[in-house]
Amino acid sequence: MQFDIVTIFPRMIEAALADGIVARALQRDLLRVKVRDLREFTDDRHRTVDDVPYGGGPGMVLKPEPIFRAVDAIAKEGGAPQAVVLVSPHGRRFTQTEAARLAGLSRVTILCGRYEGIDDRVREGLATEEVSIGDYVLSGGELPALVIVDTVARLIPGVVGDEDSVADDSFSRGLLDFPHFTRPAEFRDLKVPDVLVSGHHGEIRKWRKRQALELTLDRRPDLLVDAELDVEEQEILRELMEQKGVAHGRD
Ligand code: ADE
């Protein structure tokens, strides 16, 4: 899979991709990320990427021509991208389901705007979708682009060492993840739950299911509406709801 990221701050993207799981995936060629400096697609001496807004008002607006040219160049190099994602607070909310959809594509272009403005013809005539990473305002699209790349990279086979750890990730089946512990078994009077030290695999599996369900029920009950639960989990959830006196929302 290849991401092409169009930005006026290429170093911001490159720095974030230099370490960690995504860096390793890039080294192993499980994923490609090409960072495109928007200024390379300008045609004036000052490499101008923005201009004053029509109609007046504060701030500057990113010009459309360099962005269209950048996507033309990307298409010329490797064929038209399957998705041209404009990151913007106006977009559809990015979720694990959206990440899984993008992970099924082979070439995705991400256009990073500046919050103050991007010429709307980019949205109208170039982007195939608009994505927001949450209901808050960032100063630009670079952090959202990195959030997308990181989330999608984890779903590419081989990127995360242990495939099971991705399957257990929070949200992957619509549940929050269970709590994790490592040695020592006791630290400053804080103890690892006995069941985890017991070595009883069946009991551990059940405890983890219960914890994931209880955490989700307490913190994010909204997720339970669409969660994919096996028969055992459905039974545990019923018990938990009875204990807590919660009405059965899924039945
Ligand atoms: N640009 C500024 N804020 C954003 C957000 N929340 N999501 C995506 N792009 C953005």
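None of the figures in this text is laboratory data; all of them are computed from the coordinates on show. All values derive from a computational prediction rather than experimental measurement. Neighbour counts are summed over all protein chains in view; Cβ atoms, including those assigned to glycine, are modelled from backbone coordinates with ideal geometry.
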In nm, the gap between the two label points placed 7 Å beyond Cα toward Cβ at Lys206 and Ala185 is 2.1
Residue-ordered couplings for the stretch 100-110, obtained by feeding phi - 60° into the Karplus form 6.51 cos²θ - 1.76 cosθ + 1.60 and rounding to whole Hz (Gly and Pro as x), are 5, 5, 5, 5, x, 9, 9, 9, 10, 9, 10
Amide H neighbours of Phe171 at under 5 Å, excluding residues fewer than 5 places away on the same chain, with H built from the backbone geometry, are Leu176, Asp177
Taking Cα atoms only, helix 142-153 is inclined relative to the longest principal axis of the chain by an angle, in degrees rounded to 10, of 50
Reduced to Cα centres, the span from the stretch 170-245 to the stretch 1-73 in Å works out to 42
Per DSSP, the loop-located chymotrypsin sites (Phe, Trp or Tyr not before Pro) within the stretch 78-152 having at most 14 other beta carbons within 10 Å are Tyr115, Tyr136
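Peptides 35-43, 23-31: what's the order by average Cβ count within 10 Å, highest mean first?
Numbers: 35-43: 17.1, 23-31: 14.4.
Ranking, from highest mean packing down: 35-43, 23-31.
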Quick calc: nm separation of the 7 Å Cα→Cβ label points for Glu124 and Val195 -> 5.8
Per principal axis, largest first, the Cα atoms of the chain extend in Å by 69, 41, 38
Diffing the stretch 25-30: the Karplus 3J(HN,Hα) column from phi (6.51, -1.76, 1.60, θ = phi - 60°), in whole Hz with x for Gly and Pro, holds 5, 5, 4, 8, 6, 7
In nanometres, the difference between 0.36 nm per residue of separation and the alpha-carbon distance of Asp226 and Glu116 is 36.0 nm
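Grab the Cα-Cα distance for Asp218 and Glu77, subtract it from 0.36 nm times how many residues apart they are, and report the gain in nm with one decimal.
Working: separation 141, 0.36 × 141 = 50.76 nm, distance 4.94 nm.
The span from Asp218 to Glu77 would gain 45.8 nm if fully extended.
Just want to confirm a number: the relative contact order over the chain, from Cα pairs under 8 angstrom separated by 6+ residues, in percent.
Working: 341 pairs, mean separation 43.8, N = 251.
Dividing the mean separation by the residue count of the chain yields 17 percent.
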Looks like the stretch 1-106, by Cα gyration tensor root eigenvalues a ≥ b ≥ c and the a/c under 1.5 rounded cutoff (else prolate when a/b is bigger than b/c, oblate otherwise), is prolate
Here, His46 and Gln27, labelled 7 Å along Cα→Cβ, have an inter-label distance in nm of 4.3
Amide H contacts under 5 Å for Leu86, restricted to residues at least 5 apart in sequence or on another chain and with H modeled in the peptide plane, are Leu111, Thr128, Glu129, Glu130, Val131
